[in-house]
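I have placed the structure first, in the form of structure tokens, so that the comments after it can refer back to it.
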Amino acid sequence: MNDLVLQAPAKLNLTLDVLGREPDGYHQLRMVMQSVTLCDTLTLRPLGDASGIRAASNLAYLPNDGNNLVVKAARVFFAAVGLPEPGLEIHLQKRIPVCAGTAGGSSDAAAVLRGLNQLYGTGLSVEALMKLGESVGSDVPYCVLGGTALAEGRGERLTPLSPLPHCWFVLCKPGFSISTPELFRAVDQVRITRHPNTQGMLDAIAAEDLRGIAVRLYNVFEDVLPSGRRCVIQEIKDALLDGGALGACMSGTGPTVFGLFDDRAKAEQAAAQLSAIWRDTSLAENC
Ligand code: C5P
């Protein structure tokens, strides 16, 4: 069996709303998601023996065992199709920042589900792969689908949307991490008074109105960040808007902030300017 090389795109939240909390502690969400061309590259390498499933990557600190979502996804896949776990190395070339609100780990896991289905000729539908993804992580079903989509429930109820007009995104991750469970706990402590206009966003997407999309970018998690972090997020948003972004917003549970541009030259210039201050800055397009 030959190696299989796959691309796993990052995700951005054009909107993120928290509607409530389930008894099990998970939250009811309503989010408009968009995949972008900033990708990790995965190589699935069947080893032809029974040495088990392991991950390897260009980042020494990432786990190589079942704590890595790609290994978890592969185990879920082989259990579901009733095949014994083979010897398999999953190599990750990481470019999507880790723990950054851009679903890097979830997208890698989704790519593994898609790739193993292809490699082993198991013929599972996209819907079946999305269902398998639910047990790996809340963003994995969306990452199996990709493109522009409305995600509801925990994030597993998906409605595909028409693609955005071609545009550019500058993604900028400041040098701190935000704990996802902690941010969800913080959102439980407050009454959310401002919500994204999700319906307005859906209408703007249907109308292919990029300016209408840009003015409706909104993430409720920005309002519950500790004040020091909120200031940095605002500083990045201001820099993106000063650089010609039509709108700017934090993605997911952060800390990545992105700006949406209709002009490639402005996006390139903003990316160059921001990368002088925040090293983890990249330019991407919608995909
Ligand atoms: O599903 P996943 O493992 O990606 O979720 C990580 C954490 O995010 C959960 O442990 C939970 O604290 C929080 N979460 C949530 N509600 C969701 C999705 C995630 O509270 N819908």
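The values are calculated or read from the model by the stated rules, or taken from the named source; none is laboratory data. Quick caveat: nothing in here was measured; it's all calculated off a predicted structure. Cβ atoms come from the backbone with ideal geometry, glycine included; neighbour counts cover every protein chain shown.
The table for this structure:
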item	result
Conditions (1) under 16 Å from the mean Cα position of the chain (by Cα); (2) at pLDDT 95 or above; number of the one not met by residue 177	(2)
Selection from the stretch 201-228 of residues that are more than 18 Å from residue 30 (Cβ to Cβ), surrounded by 14 or more Cβ atoms within 10 Å (Cβ to Cβ) and either touching a residue at least 40 places away in the same chain (Cβ under 8 Å) or under 19 Å from the mean Cα position of the chain (by Cα) (or both)	210, 214, 225
Residue count for the stretch 102-150, restricted to those that are charged (D, E, K, R) and within 21 Å of residue 258 (Cβ to Cβ)	2
Any hit, the stretch 36-49, residues being within 16 Å of the ligand (Cβ to nearest atom) and touching a strand residue (DSSP E or B) at 6+ places or on another chain (Cβ under 6 Å)	no
Test for residue 127: is it of a type in the set (D, E, K, R) and within 17 Å of the chain's Cα centre (by Cα)	no
Of the criteria (1) assigned to a loop (DSSP other than H, G, I, E, B); (2) at pLDDT below 95; (3) within 16 Å of the ligand (Cβ to nearest atom), which one residue 155 fails	(2)
Test for residue 75: is it among the basic types (Lys, Arg), away from the ligand (no atom under 16 Å from the Cβ) and touching a residue at least 12 places away in the same chain (Cβ under 8 Å)	no
The stretch 98-116 - residue that is within 16 Å of the ligand (Cβ to nearest atom) and either over 13 Å from the mean Cα position of the chain (by Cα) or assigned to a loop (DSSP other than H, G, I, E, B) (or both) and, of those, nearest to residue 253 (Cα to Cα)	101
Tally, over the stretch 5-26, of residues that are surrounded by fewer than 24 Cβ atoms within 10 Å (Cβ to Cβ), within 30 Å of residue 211 (Cβ to Cβ) and within 12 Å of the ligand (Cβ to nearest atom)	3
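A quick yes/no check of all residues on (1) among the charged types (D, E, K, R); (2) within 25 Å of residue 177 (Cβ to Cβ):
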{"site": "45", "(1), (2)": "yes, no"}
{"site": "61", "(1), (2)": "no, yes"}
{"site": "69", "(1), (2)": "no, yes"}
{"site": "84", "(1), (2)": "no, no"}
{"site": "112", "(1), (2)": "no, yes"}
{"site": "132", "(1), (2)": "no, no"}
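Yes/no matrix, rows are residues, columns are (1) within 30 Å of residue 275 (Cα to Cα); (2) touching a Leu at 6+ places or on another chain (Cβ under 6 Å); (3) at pLDDT 95 or above:
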{"position": "160", "(1), (2), (3)": "no, no, yes"}
{"position": "163", "(1), (2), (3)": "yes, no, yes"}
{"position": "166", "(1), (2), (3)": "yes, no, yes"}
{"position": "192", "(1), (2), (3)": "no, no, no"}
{"position": "195", "(1), (2), (3)": "no, no, yes"}
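Quick grid of which residues meet (1) in a loop (DSSP other than H, G, I, E, B); (2) more than 30 Å from residue 269 (Cα to Cα):
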{"position": "74", "(1), (2)": "no, yes"}
{"position": "89", "(1), (2)": "no, yes"}
{"position": "132", "(1), (2)": "no, yes"}
{"position": "149", "(1), (2)": "no, no"}
{"position": "165", "(1), (2)": "yes, no"}
